[in-house]
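Just so you know, all these numbers are worked out from the coordinates, no wet-lab data involved. Predicted model, so just to flag it, every value in this text is computed and none were measured. Every residue, glycine among them, receives a Cβ derived from its backbone with ideal geometry; neighbour counts consider all protein chains shown.
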Amino acid sequence: MNYKLYIAKKLEAVTGLSVGELTKVMEIPPEPKLGDIAFPCFILAKALRKAPPMIAAELCKEFENDEEFEKVEAVGGYLNFFCNREKFISSVLKKVSESDGSFAKSNEGNGKTVLVEYSSPNIAKPFHIGHLFSTAVGNSLARIYDYLGYKVERLNHLGDWGTQFGKLISAYKHWGVREIIEQDPINELLKIYVKFHEEAEKHPELEDEAREYFKALEEGDKETTELWQYFRDVSLKEFKRVYDKLGVSFDSYAGESFYGDKMQEVVDILRDKNLLTESDGAQVVMLDELNVPPCIILKSDGATIYATRDIAAALYRKRTYDFDKNIYVVGIPQALHFKQIFSVIKKAGYDWADDCVHVGFGLVKFPDKKLSTRHGDVVFLEDVLNESVQKTLDIITANSPEMENKEEVAQKIGIGAILYTFLKNSREKDIVFSWDSMLDFEGESAPYVQYSYARGRSILRRCDIDYSNPDFSLVTSDEEYELVKQINAFSTAIADAANKNEPFYINRYVTNLARCFNKFYNNHPILKGDVDEETKKARLAMVDAATQVIKSALSLLGIETVESM
């Protein structure tokens, strides 16, 4: 039941305010002793020409003998509502039970399409830890929108074009050995790419050679195109191996190269609309009216740039997917770039530019640099994932040496710990990488939440009791009520995460849910003590609901649960 809506409908007739206006000002009191919902009567003082405490006292009479509330109090200028705990707990837990693991799912996105572009590593370059920020945020947003009923298209805009490929082709021609490269593609391609730059300092003519190779590639030369395709294929194979570890997948790997033949149309459209202006030999779109620097479309030598390519990509995506929202999960430093391209698209007469959203994120910092990486200054993502899994396995082995599936558990907990760290705060905040906080089984971490889930499932396995029709009047204590209130807040957390494109709302929610669950568990025995059968059934139903929602919430973050720890 939506209590705010229920209250608003009863107050609408007597206040003269709409349901929307009433629900907007309702608050959740800072302390449980002040009730579950508070309505501030100050907003009515001017219209009713009465003091807020008097208004609150009069409105309180509207809820006399209302069975939905245990009591309604007028305190100062507030009307405080205390929900009927038994009815509330029963209603929420029955919904969870009937949802079959999909509590708070909705169909609000039915018939609408959301595109989420994320990850976007560069071909033949290391998949480093920085890429995980985009990958974690994008994957979570895709899952959240999917949970809300949208048709979600997951896009990986690969960095697979540019002058660097001329250098890589030159490097391969001089020092590449296919058999060696295929054993460790990214590392070996990186080695010969670095060697190219070292040799080019001694032999500048290599730069000219690289330009010629890239020119040949642009012109569709068979040999260079086949080499480029080979670099792309082996790189993508390696990337997918890492994506599989993370539980991440994509619907499209169309990268920069895909839009190479689509940029001329962008130039033609902007020229036909008289939006191109010459500036120092370059063709630009002026954005002075927005106090934004000009957006370069063609460089002075006639070459296109990233902006041209991204505008072409946006046009293609609108035609192909007819999206309702087009999200780019790209670092904060690119904020101006996206503001420029969205502005150019809007200026060209495409109002759907307003549906394009840049979702920025911060940096990853390593205060101690104590990461076991064999790649020097490049911190490979896979190294970090492997180290997290190994550290988790060491902890499990030390504490539960007899666990049968400890490798599988370590994999889920270790990778979950990394993902949780990247999603625990607002995405615009920088991440300070710390193994101690990431793998803390009692702190604000994935292992803590995963352990809470495992503890709950363990209780249910150990109780051979049918708890399908419990008496919820037996479980209305403060801890039990707070747990169910937190379960019920799942839909609000999902809505906040989607509205603000901030997965950390889900992260914060599930951490608080785990805390409420553990407080309930520690204060109300289920397997121990003199607990009567009916109370035990009601508490087991509560455990079942809490673990179901913990699992669903973690899934929205891309984190898997484990049944035992």
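Here are a few things to note about the model shown:
- Overall dimensions of the stretch 3-83 by Cα: Rg and Dmax, Å: 11.4, 31
- Binning the alpha carbon pair distances of the stretch 64-122 at 10 angstrom intervals from zero yields the distribution 16, 23, 23, 21, 12, 5, 1, expressed in whole percent.
- Under 5 Å between amide hydrogens, built in the peptide plane, is the criterion, and for K112 it picks out K151 among residues at least 5 positions away or on other chains.
- Put a plus charge on the Cβ of each Lys and Arg, a minus charge on the Cβ of each Asp and Glu, and nothing anywhere else: the dipole of the chain about its Cα centre is then about 1020 debye.
- Acute angle (nearest 10 degrees) that the helix 335-347 long axis makes with the longest principal axis of the chain, alpha-carbon atoms: 90 degrees
- Legend: Rg and Dmax of the stretch 232-271, from Cα coordinates, 15.3, 46 Å.
- Think of the stretch 410-556 as having a plus end and a minus end, set by charges on the Cβ of Lys, Arg, Asp and Glu; of F441, L419, N488, L419 sits farthest toward the positive end of this dipole.
- Computed [θ] at 222 nm, helices only, for the chain once each DSSP H run of length n ≥ 4 contributes -39500 (n - 2.57): -17500 deg cm²/dmol
- Global form of the stretch 301-356, assessed from the alpha-carbon gyration tensor, a/c cut-off 1.5: oblate
- Stretching E198 away from F82 to a fully extended chain increases their span by 34.5 nm, per 0.36 nm per residue minus the current alpha-carbon distance.
- Within the stretch 46-180, DSSP assigns beta bridges of which about 50% are antiparallel (rounded to the nearest 5).
- Degrees, to the nearest 10: 490-500 long Cα axis against longest axis of the chain: 40 degrees
- For F69, distant residues with modelled amide H under 5 Å away: N84
- Within the stretch 33-105, GluC sites (Glu not before Pro) in DSSP loop having at most 15 other beta-carbon neighbours inside 10 Å: E64, E67
- Rounded to 10°, Cα long-axis angle of helix 222-246 versus longest principal axis of the chain: 20 degrees
- Restricting the calculation to Cα atoms, the stretch 410-556 yields a radius of gyration followed by a Dmax of 16.2, 50 Å.
- Toward the positive end of the charge dipole of the chain, with +1 on the Cβ of Lys and Arg and -1 on the Cβ of Asp and Glu, the farthest Cα among I332, G281, N386 is that of I332.
- Orientation-averaged projected area, Cα convex hull of the stretch 520-559 (nm²): 3.1 nm²
- Cα centroid separation - the stretch 193-248 against the stretch 305-331, whole Å: 25 Å
- ³J(HN,Hα), Karplus 6.51/-1.76/1.60, whole Hz, each residue of the stretch 416-423, x for Gly, Pro: x, 4, 5, 4, 4, 4, 6, 10
- Of all DSSP beta bridges confined to the chain, the antiparallel ones make up roughly 55%.
- Over 29 Å (Cα to Cα) - which of K339/K485; K71/K94; K4/K33; K299/K339; K222/K299 fall in this group: K339/K485
- Computed across the chain, the Kirkwood radius stands at 27.3 Å (inverse of mean 1/r, all Cα pairs).
- Centre-to-centre separation between the Cα atoms of the stretch 348-368 and those of the stretch 3-37: 35 Å.
- The magnitude of the dipole of the stretch 453-533, with charges of +1 and -1 set on the Cβ of Lys/Arg and Asp/Glu and taken from the Cα centre, is near 540 debye.
- Net charge dipole size for the stretch 3-83 [Lys, Arg +1 and Asp, Glu -1 on Cβ; Debye, nearest 20]: 420 debye
- Evaluating 6.51 cos²θ - 1.76 cosθ + 1.60 at θ = phi - 60° for every residue in the stretch 49-61, the Karplus couplings come out as 6, 9, 6, x, x, 5, 4, 4, 5, 6, 5, 4, 5 Hz, glycine and proline recorded as x.
- Placing a pseudo-label 7 Å from each Cα along the Cα-to-Cβ vector at T163 and K346 gives an inter-label distance of 3.3 nm.
- Cα gyration tensor category, rounded, prolate or oblate, for the stretch 111-200 with a/c compared to 1.5: prolate
- Taking the empirical scaling 2.2 N^0.38 Å for compact globular proteins as reference, the stretch 182-340 has a Cα radius of gyration ratio of 1.26.
- 3J(HN,Hα) couplings calculated from phi for the stretch 472-479 with the Karplus curve 6.51 cos²θ - 1.76 cosθ + 1.60 (θ = phi - 60°) are, in sequence order, 6, 5, 8, 10, 10, 5, 4, 5 Hz; Gly and Pro show x.
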